Amino acid sequence: MSKIYFDTTPLIYFLDDEKPFSDKVASFIFDHQSDDDSYLTSSITDAEYLVFPYRMENFEKIQAYESFLSDFNFQILEPTRAVSKLAAKLRAKYPALKGMDALHISTSVYYNCDIFFTNDSQLKQVSEANIVLVDDL
């Protein structure tokens with residue numbers, strides 16, 4: 001059983017059909033779709049992804065996002081105080097790590113995810129998580 005944590009960027013690629021990345025993300029999703037694998041992300045993804053649709057009052061895009069998460073049975077994790085403390089430790093260890101990225105990674109680490117799926121190559125430096133890049137697929 002693999003627990004796969006999705007950073008916001010792969011979801012943007014997929015939902016906004018940004019080629020060629022959207023095809024790679026779609027393949028990754030379907031290659032890992034089994035009863036043994038689970039998809040996870042954080043409520044932080046809501047705060048990142050939904051900004052533009054809310055600004056543009058694009059309720060269709062908001063509904064497509066919600067449907068996607070539901071259709072693929074995403075578990076939405078909430079950052080806890082323990083997650084925030086782990087994020088602070090990661091930022092102390094990796095000074096270039098941004099706050100939201102640290103929260104995403106620490107959420108995936110805290111909840112014992114097997115894969116952190118992103119396309120941010122800077123995050124490969126974080127040895128605490130198994131970083132998989134869309135570009136590498």
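The values are calculated or read from the model by the stated rules, or taken from the named source; none is laboratory data. Since we're looking at a predicted model, the values are computed, not measured. Cβ: placed from backbone, ideal geometry, glycine included. Neighbour counts: every protein chain shown. Side chains included, ligands, DNA and RNA excluded: accessible areas come from the protein's heavy atoms. Shrake-Rupley method; radii C 1.70, N 1.55, O 1.52, S 1.80 Å.
A few points about this structure:
- Criterion (open to solvent by 30 Å² or more (accessible area, probe 1.4 Å), under 20 Å from A129 (Cβ atoms) and not β-branched (V, I, T)) met by exactly one of Y54, Y39, Y111, Y94: Y111
Here is a yes/no grid of residues against (1) of a type in the set (F, W, Y); (2) modelled with pLDDT of 95 or more; (3) open to solvent by less than 70 Å² (accessible area, probe 1.4 Å); (4) more than 23 Å from E78 (Cα to Cα):
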{"site": "F14", "(1), (2), (3), (4)": "yes, yes, yes, no"}
{"site": "V25", "(1), (2), (3), (4)": "no, yes, yes, yes"}
{"site": "S34", "(1), (2), (3), (4)": "no, no, yes, yes"}
{"site": "Y49", "(1), (2), (3), (4)": "yes, yes, yes, no"}
{"site": "A64", "(1), (2), (3), (4)": "no, yes, yes, no"}
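- Search result, residues across segment 125-137 that are farther than 22 Å from D31 by Cα and open to solvent by 30 Å² or more (accessible area, probe 1.4 Å): Q125, S127, E128
- L77 vs. criteria modelled with pLDDT of 95 or more, more than 15 Å from T118 (Cβ to Cβ), in contact with a Lys or Arg (Cβ under 8 Å, 6 or more places away or on another chain) and open to solvent by less than 50 Å² (accessible area, probe 1.4 Å): no
- Pairs where the first residue, in segment 40-63, is over 15 Å from I12 (Cβ atoms) and the second is surrounded by fewer than 17 Cβ atoms within 10 Å (Cβ to Cβ) and modelled with pLDDT under 95, C-beta under 8 Å, 6+ apart: S43/E78
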